[in-house]
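Worksheet for the structure shown next.
Every read-out reported here was derived from the displayed coordinates using simple, explicitly stated rules and does not represent laboratory data. Quick caveat: nothing in here was measured; it's all calculated off a predicted structure. With ideal geometry, Cβ positions are generated from the backbone for all residues, glycine too; neighbour counts draw on all protein chains shown.
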Amino acid sequence: MSANKTSRIGEEIWKSVNPQTPIITEKPFSIYSTAFRPRTQANQLFPRRTRVDKVNAELVTLTYGTIVAQLCQDYDSDYQEVNKQLDKMGYNIGMRLIEDFLAKSGVGRCANFRETADMIAKVGFKIFLNVTPTVTNWASDNNQFSLIFEDNPLADFVELPDDGRAQDELWFSNILCGVLRGSLEMVQMQIEAHFVSDVLRGDETTEMRVSLVRYIEDEMPPEEE
Amino acid sequence: MPSNNRTVFSLIIINKAGGLIYQREFQPGLRKLSTNDYLVLAGTFHGVHAITRSITPKLPISQPTPSPATSSPGTTTPAASGYSYPNPGVPVTGLDYLETDKFRLTCFQTLTGTKFLLFTDPMTGNVETIVQKIYELYADYVMKNPFYQLEMPVRRAGSRIQDKQK
Amino acid sequence: MAAPPRHSTMLSISNGGTQQSGPNDKQTQQQAQTLPQSPGLRVPSNRKTIYDRHLNRSRNAELSRASFAYLFGEMVTYAQRRVTGIQDLEKRLNEQGYPLGLRLLDLLFYRSTSTSSSALSSSSTSSSPPNRPLRIITLLHLIHGPLWRLLFGRSADALEHSVSPDTPNEYMITDNDPLVNTYISVPREMSMLNCAAFVAGIIEGVCDGCGFETKVSAHNQPTEMWPSRTVFLVRFGDSVMEREKVLERAGVK
């Protein structure tokens, strides 16, 4: 599917406030009906609902900063542990956030991992952080890509502690890795995500590496009787 | 009955494992079931739904293979020839609705596996819009509530769904 | 209202010609590396540090309310793991809000003194110090109005003074529908809990930052129309009340 279409969906959802327009026209259902089913993106003309309730960005930024600072304090600046906790929090968020993403975007299952990557960058990040990271550096098997963040609202106002360690050990925005892991797991994709660079560490870019581990098979219903 | 019928009798939410996590009556019209019967209904429907999914014909191309990259239903490129249900880009669905002359049961399963069962008057139109609204309310008032534990019964947040539904 | 695209905001900032940002990347890097505040920190050469960004760049920016809800929810969940009871949980949320209040205070002052984008270099701010509230009422108005607007996009709903002669140090700020509680349903067995204790902590931070020793707590005061109506009880310390009397006599406003 065209990358443009995905970004348009993201943009539409983020921008317009258009609460009451029924997008899907009534159709009789059949056993194969896709009337309810999220369609393929190619068939998807419009998201079901184009609306994102908003708050002041600084409230979000400062709240996140408070969370990280609290973790650093609670774990005595053991940054490895802080990274782990942030990832865990993100995972919890992802498992919940995916429902909001699906309910509000109305987009459906992606046909392949490349489409998933586009969906994450152009719809997911657009809706929840109002940024659109660049999808790039695909591995030859199409199972690994990088997200490059031009801009990262979570890290506004942030300078890492000058203790000689934080810049080498702390991934300030590590919660995002967990969010991806949690939300994709809920739609049957096991992935691994980690940051490889961060401008907060003095790197030139902020880059996250995302790898598909496997598609999780539909569990069969438990044997009755 | 007015032509613009909006009668919604009740709503059931079933978690991924087939457990009943929410049941509320919105408008009278159906006889009440015992709590146990609701649990049985949820579990039974879950099983039947899974079976209706598994008997849906699959394209050879979407058969699971050992390679991790291609094992999801409906991955890879759509086959140019031999196109049939299901649409390769669309996951296999299952039972979408059941109907009697007194009510209609509509099932909406999210991509994450949660099922919303809506009991409506057979004449009620626009059920999908209603279900969509319910899904949004669920995403807001259940999933964003830190005191809600995933896959567990929906308690207090449920009343907020009910309030908003009216 | 759609927020302007972030990249355009950033562009206008880097072109803003403040004293810090040098004409090209190389110079900026050198300057940034010699900044006294951060001798040991590495910085990227492309000016992506907090010193190169305008403090007002996110002033009118918006983010999704859902993102806030998830973060706040995780904060509550995390706090819950480490506490023994409701009071303890509220105390912890309060502590999380407190540093936010201190920081927001600086931001508020900074913005209230330099509203136009022309007078923005740090030197001009320090030459015209902001007006720190000296009296209780001025402080409370700052919280009820500008602070609430910065955080929640609207003023608080009421500001009241205790009528009891025993508690002249008590004030109440009411929010009919606190944003932080939008999606939160507290379990029955914890019905006393109000997660807006976080906001109480913010208020406390602002007051303390202004030199007003205070204890602030959040209380559920639901009405039929506003089920999550919350009253923030602000209790000033004795030292504040004594100073208040002196300032009153001296005619300070």
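Across the residues of A:149-162, average count of Cβ atoms on other protein chains within 10 Å?
4
5 Å is the cut-off here: which amide hydrogens, built 1.01 Å from N in the peptide plane, fall below it relative to B:Phe147, excluding neighbours closer than 5 in sequence?
Placed amide hydrogens put C:Ser185 under 5 Å from B:Phe147.
Convert 4 °C to kelvin, take the viscosity as 1.567 mPa s, use the Kirkwood radius over C-alpha pairs of segment B:97-158 as Rh, and evaluate the Stokes-Einstein diffusion coefficient in µm²/s, rounded to a whole number.
In µm²/s, the coefficient rounds to 101.
For A:Met119, A:Met189, what ranking results if the residue with the fewest other Cβ atoms within 10 Å of its Cβ goes first?
A:Met189, A:Met119
Using only alpha-carbon positions, what ratio does the radius of gyration of segment C:41-114 give when scaled by 2.2 N^0.38 Å?
That ratio works out to 1.49.
Could you derive backbone 3J(HN,Hα) for segment B:23-31 from the dihedral phi with the Karplus parameters 6.51, -1.76 and 1.60 (θ = phi - 60°), listing whole Hz in sequence and x where the residue is Gly or Pro?
Using θ = phi - 60°, the values come out as 8, 9, 9, 9, 10, x, x, 10, 6 Hz.
Please list, ordered by chain and number, the residues whose modelled amide H lies under 5 Å from the amide H of A:Asp156; skip anything fewer than 5 residues away on the same chain.
For A:Asp156, whose amide H was placed from the backbone, there are no distant partners under 5 Å.
If the only charges are +1 at each Lys and Arg Cβ and -1 at each Asp and Glu Cβ, what is the size of the charge dipole of segment A:90-225 around the Cα centre, to the nearest 20 debye?
In total the dipole reaches around 420 debye.
What FRET efficiency would be calculated for the residue pair C:Lys215, B:Ile55, taking the C-beta separation as r and a Förster radius of 51 Å, to the nearest 0.05?
It comes to 0.20.
On alpha carbon coordinates alone, what is the Rg over Rh value for segment A:66-225, Rh being the Kirkwood radius?
Computed over Cα atoms, the ratio is 1.00.
Just in segment A:109-214: which trypsin sites (Lys or Arg not before Pro) are loop by DSSP and have at most 15 other Cβ atoms within 10 Å?
A:Arg165
Provide C:Cys210, A:Cys177 in ascending order of the number of other Cβ atoms located within 10 Å of each residue's Cβ, fewest first. Working shown, then result.
Details: C:Cys210 19, A:Cys177 24.
Going from sparsest to densest Cβ surroundings: C:Cys210, A:Cys177.
Give me the three principal axis extents of segment C:65-250 from the C-alpha atoms, as integers in angstrom, largest value leading.
Principal extents (Cα only, largest first): 52, 43, 34 Å.
According to a simple spin-label model (label point 7 Å from Cα along Cα-to-Cβ), what is the distance in nm between A:Ser7 and B:Glu99?
Taking the simple label geometry, B:Glu99 and A:Ser7 are separated by 4.5 nm.
Rounded to whole Hz and in sequence order, give me ³J(HN,Hα) for segment A:125-136 from the Karplus expression 6.51 cos²θ - 1.76 cosθ + 1.60, θ = phi - 60°, writing x for Gly and Pro.
Result, ordered by residue: 5, 5, 5, 8, 10, 6, 10, 10, x, 7, 8, 7 Hz.
Hey, what's the Kirkwood Rh for segment C:133-185 if you take every pair of different alpha carbons, in angstrom?
For segment C:133-185, the Kirkwood estimate is 12.3 Å.
With θ taken as phi - 60° and the coefficients 6.51, -1.76 and 1.60, list the Karplus ³J(HN,Hα) couplings across segment B:116-131 in order, rounded to whole Hz; mark glycine and proline as x.
Going residue by residue, I get 10, 10, 10, 9, 10, 5, x, 8, 4, x, 6, 4, 5, 5, 5, 4 Hz, with x marking Gly and Pro.
Using amide H atoms built in the peptide plane, which far-off residues or other-chain residues are under 5 Å from A:Arg214 H to H?
Long-range HN contacts for A:Arg214: A:Gln190.
With r as the distance between the Cβ atoms of C:Leu247 and A:Gln190 and R0 = 41 Å, compute the FRET efficiency 1/(1 + (r/R0)^6) and round to 0.05.
Once rounded, the FRET efficiency stands at 0.05.
Can you put B:His49, C:His219 in order of Cβ neighbours within 10 angstrom, beginning with the fewest?
C:His219, B:His49
Suppose R0 equals 25 Å; then what is the FRET efficiency for C:Ala158 and A:Phe157 from their Cβ-Cβ distance, rounded to the nearest 0.05?
Efficiency computed from Cβ-Cβ geometry: 0.20.
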